[in-house]
1. So for the range B:1-118, averaging the separation of alpha carbon pairs under 8 Å that are six or more residues apart and normalising by length, what relative contact order in percent results?
2. With the other protein chains left in place, how much accessible area per residue, in square angstrom, belongs to the range B:112-268 at a 1.4 angstrom probe?
3. Accessible area per residue of the range B:13-86 at 1.4 Å probe, in Å²?
4. In this model, which of B:87/B:214; B:34/B:143; B:168/B:226; B:87/B:226 are farther than 25 Å apart at the alpha-carbon?
5. Need one number: buried accessible surface between chains A and B, 1.4 Å probe, both sides summed, DNA, RNA and ligands left out, in Å² to 100.
6. Relative to the first principal axis of the alpha-carbon coordinates of chain B, what is the inclination of helix B:168-177, with its axis defined by its Cα atoms, in degrees from 0 to 90 and to the nearest 10?
7. What are the extents of the Cα atoms of the protein assembly as shown along their three principal axes, listed from largest to smallest and rounded to whole Å?
8. Quick one: net charge of residue B:220's neighbours, Cβ under 14 Å, K/R +1, D/E -1?
Amino acid sequence: MQIFINGELHRLEFPTELTVLLQQLGYCGEAFAVAVNGDFVARSEYSSTQINNGDSLDIVAPVVGG
Amino acid sequence: MSDLLNFYGKTFNSRLLVGTALYPSPAIMRESVKASCSEIITLSLRRQNPAQQQDNVFWDYVRESGCQLLPNTAGCRSSREAVELAKMSQEIFQTDWLKLEVIGDDYNLQPDPFGLVDAARELVQLGFKVLPYCTDDLVLCRKLLDVGCEVLMPWGAPIGTGQGLLNKYSLQTLRERLSDVPLIIDAGIGAPSQAAEALEMGFDAVLLNTAIAKAQEPVLMAQAFKLAVESGRAAFNAGLMLRRQTASPSTPTLDMPFWQQAESMLRE
């Protein structure tokens, strides 16, 4: 199956829990937040969120801003 | 005399809000923020891969600053994007304060008034303290107040232009008609004199970024803006004189020497 992470194509063997996927990708700590298909997913919902074929993830972190 | 900036239940000594972008380095950003004595700083969120997570000096500096964080929704082009990014900001920055931006035109980064009101309404209902970046349109500003914004941030000029207060008639109208609303001039300020002018007109504060960050000496420019904002506010509190069309001598005219001589010369 195919998913998009920050606009880049990734391949997964099967639908994966968001917590597991983030660990596999190397995201750690609390300085990031996630949206799936444009909808914010709270940290408390990671374990109950499954990433399926075609899903698009945005993973953001603090940056400078005006 | 106590003259604090007060909104959303918090008080601030400084009337200068600054952005954290465009500095030559994170260290210069940190020193500039310190020099500005700002207590509210803006920042944002962008996509990031795990490798970039390891070394976020900027984020370390920001956390150490002790400033009220004001995350923005810069770059959002719809109310939906802005609302979702706001939720992400709230989780990361642990604040319900938000500089709401919904951009309606890529050329001059003009706020989309319709998307802005829609997003503000939803975010206020979700409990956010919304500071909307808006135009100087009186009706738009009233709509933003109607949906629950306690503070408005009308532009002085398009972001990053340094043009100063382009539409003084509209800005003065806003100030007079919304006399009890905290108004912060956001964007377009290019020089300390322009910031001072905004404060002299009665605006409660200014928010700027590029003018400091892109100065040849950002730390020195931050000091200059601090002084200008303090000066402008003091001038507003002191009460500016009324403008006149004709000259009026400031030196007393009574007992002016020689005037009889001049008169007698005219008679001769």
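The values are calculated or read from the model by the stated rules, or taken from the named source; none is laboratory data. Keep in mind the model is a prediction, meaning the values are calculated, not measured. Glycine gets a Cβ as well: all are built from the backbone with ideal geometry, and neighbour counts include every protein chain shown. Side chains included, ligands, DNA and RNA excluded: accessible areas come from the protein's heavy atoms. Shrake-Rupley method; radii C 1.70, N 1.55, O 1.52, S 1.80 Å.
1. Working: 153 pairs, mean separation 22.1, N = 118.
Result for the range B:1-118 is 19 percent.
2. Details: 8750 Å² over 157 residues.
About 56 Å² of surface per residue is accessible.
3. Working: 3070 Å² over 74 residues.
The answer is 42 Å² per residue.
4. On the way: B:87/B:214 31 Å; B:34/B:143 36 Å; B:168/B:226 22 Å; B:87/B:226 32 Å.
Beyond 25 Å between Cα atoms: B:87/B:214; B:34/B:143; B:87/B:226.
5. Values: alone 4440 and 14820 Å², together 16970 Å².
Summed over both sides, the interface buries about 2300 Å².
6. With rounding to tens, the tilt is 80 degrees.
7. Computed over the protein assembly as shown, the largest-to-smallest principal extents equal 111, 40, 38 Å.
8. Values: positive: B:34, B:214, B:226; negative: B:31, B:217.
It works out to a net charge of +1.
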